[in-house]
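Report on the following structure.
No value in this document is a laboratory result; all are computed from the given coordinates. Computed from a predicted model, the values in this text were never measured in an experiment. Backbone-built Cβ (ideal geometry, glycine too); neighbour counts: all protein chains shown.
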Amino acid sequence: MQREAACACGGLRIVLNGEPSSVSSCCCQQCQRRTGGFFGVAAFYTKAQVASVMGESQTFRRIGDSGLGLTFHFCKSCGSTVYWEPEFRPGSIAVAGGAFADQNFPAPARMVWTDYRHPFVRVPEGTPEFKRAPP
């Protein structure tokens, strides 16, 4: 199975082989600012699962609350974040869940940084919550 994620204008795309190792929702303030929403969704793949990246990206690097860096790749034209490289998961790449635009994409298996969750955001029943980063 291959999945493709893309920015809003289609100028930056990533094709991945297989299923993600995990999918998480994150309520941290940086994800809120990055997405313009109340939480972000990250699908984690190994770098070996990346079949191709098409288009040019601009990058933005920041240090997370863990003290480790994240390098975000976003479209130069429309500004949509498509994927990022998290130092806290060496050898992995994270892809923005919404960039797949696929109703059959796996649901997040956990919600992290819920200390910053807006009170009206509901966590699906049975979904594990972590006030900060999971262990």
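Some notes on this structure:
- Length-normalised contact order for the stretch 2-130 - Cα pairs under 8 Å, 6+ apart - percent: 29 percent
- Between Ala8 and Ala133, the FRET efficiency estimated from the beta carbon spacing at R0 = 30 angstrom works out to 0.55.
- Annotation: peptides 36-48, 120-132, 67-79, ranked by per-residue average of other Cβ atoms within 10 Å with the highest first, follow the order 36-48, 67-79, 120-132.
- Positive end of the dipole of the stretch 2-130 (Cβ unit charges, origin at the Cα centre): among Val121, Cys9, Tyr83, the Cα lying farthest that way belongs to Cys9.
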